[in-house]
Amino acid sequence: MKHLIFLLACIFLLNAQEIEKEENQTELTFDWLLTLNKGIKRDFYVNEYLQKDISSEDSLKALSLVDNLTNEMFFNFAKAFKHDETLAVAQCMQMDTRYLVDSYADCIVIGLSLEEATTLSSIDIDLIVQKTREKYPTFVKKLKVISSSIPFTKLIISKKDDFYDIYLNVDSNFRTKYFNYKLPKRTFLKIFIDKNKFDKFIAISLTNEKLKKVHNSLLEVDDSLLNHNSSFLLALNSLNDNNLNSAYIYLENAISKTKDKKTIDKYLFWKYYITKDEDILENLSNSINLNLYSTLANELLAKPLLDDSFLESLDPFDILTNDYDSSRIALLYAIAKIKSKFDANKISKNFEVGIMQLKTSLLRTISTNLNERYSSFSQFNMENSIKYANIHLNNLENLFKDPIYLFLAYEGNIKLLNKSKENIFKSDDLFKSLQKLEYVSNIEKEYLKDFILYYYYFYNKLTKKEKLTLSSIFENQLELDQKLND
């Protein structure tokens, strides 16, 4: 443990030295960009540079340094470059769907996704078809599928690649309304050939509880060439059909396809649910991997709270959050742990920065509201990052009180917040609630589960009040779901 604390202290010291070096940099110049190595860090500062008052020539030179061009960078480049055609492309990409309908063919195809198209009226779709049919026949063919009187009949006779392009990319509500039918055998065999896309088909279909008829098409799928996640979702699908034997086989297959201990623990927990074999639960409670499932196993066995010595203790973080209550500190801790792993220099591919991983657009807004000068270099300062994150959470608390919903709002995850209003965890049974969580986290790469876990442990480490249980977290969610729907 001493070695771990020493290592964390060294990491923090190195981070602090790097932050101080950048904070001493007073001006973001092209010459300074040239000193940076290729990668996310340079891309981030190029994006910041493009938002300065620079010439077209400088914006073009800056663009040449980019490793991975994002939409955000392209939009900022287009504004700085001031080239009519480039600006037109950027404007089409950003244009509201309502205005795209009245635009020209090239702009429509650039800016209109299939997801957006499915929210349009049939009259609007017809107008778009008229404008684009000669120049973009492939685009029009897909529009005709979604605008037909019975879209499913057109979908199932489409070529395999067109089937996937449409099914996987339409709006979720549209998919539920128009594609919730049992697949004909011929269509099933056609799309089953592409195992990678079929894995995506399973992930999208089986995590939407409203697609009941599609689920029935997937009850006896041969999963031998599918990935472990597909086998797991097929197991849950069999559970919903009350076929415990089939669910058990799918779980065994899922376990055999991965070596990740955390993932295996998840599958073992669901094996316990099927078999009620307490030996599985006992083994899980002693897992070398601390995760939601090993913690749940301890709770179900009525064992004391697991040792929390794994929680990193960083003096600067502890000092900066000392004035907050236990719930807020736990919330900040869990976000920092998951989003940045306490790396104050962290820059995500979406240009979220610092220990609290906030978007620079939000940081600029908060800086303005505080009458503070925004600097591209100061946002990696831990004190600034925590202060701004706390202000952001204060604003979000006007809408959401529960930590899980606050986290989703902090993430800017509007889709999941909307799902929350549809009873994301609502069930009278812990396992049914957990199953709903599996569907959500299946899309969101386990972020939500990890947040619940770290919030739970850190809150219990800090609080002088009654300790949290994982069951109580789910129970609180049930109460909140009810309030959202009243």
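Below 8 Å between Cα atoms, with a sequence gap of 6+, how large is the relative contact order for the chain in percent?
Reported as a whole number, the value is 11 percent.
Given axes a ≥ b ≥ c from the Cα gyration tensor, I'd like to know whether the chain is rounded (a/c under 1.5), prolate (a/b larger than b/c) or oblate.
oblate
What dipole magnitude, in Debye to the nearest 20, does the chain give about its Cα centre under +1 on Lys/Arg Cβ and -1 on Asp/Glu Cβ?
Rounded to the nearest 20 debye, it is 1500 debye.
Take each uninterrupted DSSP H stretch in the chain, measure its Cα extent along the helix axis, and return the ones at 24 Å or beyond whose mean Kyte-Doolittle hydropathy is at least -0.5.
2-23
Is it possible to state the helix-based mean residue ellipticity at 222 nm for the chain, with each DSSP H run of 4+ residues giving -39500 (n - 2.57), the sum divided by total residues, to the nearest 500 deg cm²/dmol? What is it?
Roughly -19000 deg cm²/dmol at 222 nm, from the helical runs in the chain.
Do any chymotrypsin sites (Phe, Trp or Tyr not before Pro) in the stretch 325-381 lie in a DSSP loop with no more than 15 other beta carbon atoms within 10 Å, and if so, which?
When the chymotrypsin sites (Phe, Trp or Tyr not before Pro) of the stretch 325-381 are filtered for loop state and at most 15 Cβ neighbours within 10 Å, Tyr374 remain.
For a label point 7 Å from the Cα of Asp315 along Cα→C-beta, name the residues of the stretch 341-359 whose backbone N is under 16 Å from it.
Correct set: none at all.
Bear in mind that the values in this text are calculations on the coordinates, not laboratory data. All values derive from a computational prediction rather than experimental measurement. Positions of Cβ are generated from backbone atoms using ideal geometry, with glycine treated the same way; all protein chains shown enter the neighbour counts.
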